[in-house]
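In what follows, a structure is listed as structure tokens, so that the remarks can point back to it.
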Amino acid sequence: MKPDLWRPLLGMLGLAIGFGVYPLIGRLPEPWPPVVVGLLFLALGAAAWVYAQGERWIQVLGLLLALYGLARMLFFR
């Protein structure tokens, strides 16, 4: 079994981006913070869906993240 080195690397990169970018988004003028955060969740969900390649639970997680991002942009202000 060949180890998949992309998963831990992408996980660490995602955490670094998330913890680095999220506080900066709060500095944006209204109404942009909820829209940008929603777009980030939408992009994360789409990336998880594409990366999953047949792993159904990751595709479901990606779909849930994308739906949450969309709901956050439209309803959670």
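Bear in mind these aren't lab numbers, they're just calculated from the coordinates by the rules spelled out. These numbers were taken from a predicted model, which means no experiment stands behind them. No Cβ is skipped: glycine too gets one built from the backbone with ideal geometry, and neighbour counts run over all protein chains shown.
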Calculated from DSSP H runs of 4 or more alone, at -39500 (n - 2.57) each and per residue, what is the 222 nm mean residue ellipticity of the chain, nearest 500?
-27000 deg cm²/dmol
Taking 2.2 N^0.38 Å as the expected size of a compact globular protein, what ratio does the Cα radius of gyration of segment 1-51 give against it, to two decimals?
1.41
The exposure ranking of Phe76, Phe41, fewest beta-carbon neighbours within 10 Å first, is Phe76, Phe41
With θ set to phi - 60°, apply the Karplus curve 6.51 cos²θ - 1.76 cosθ + 1.60 along segment 35-41 and write out the HN-Hα couplings as whole Hz, x wherever there is a Gly or Pro.
5, 5, 5, x, 5, 5, 5
Length-normalised contact order for the chain - Cα pairs under 8 Å, 6+ apart - percent
30 percent
Answer in debye to the nearest 20: the dipole magnitude of the chain about its Cα centre, from +1 Lys/Arg and -1 Asp/Glu charges placed on Cβ, is 40 debye
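Direction-averaged shadow area of the convex hull around the Cα atoms of segment 14-77, nm²?
4.2 nm²
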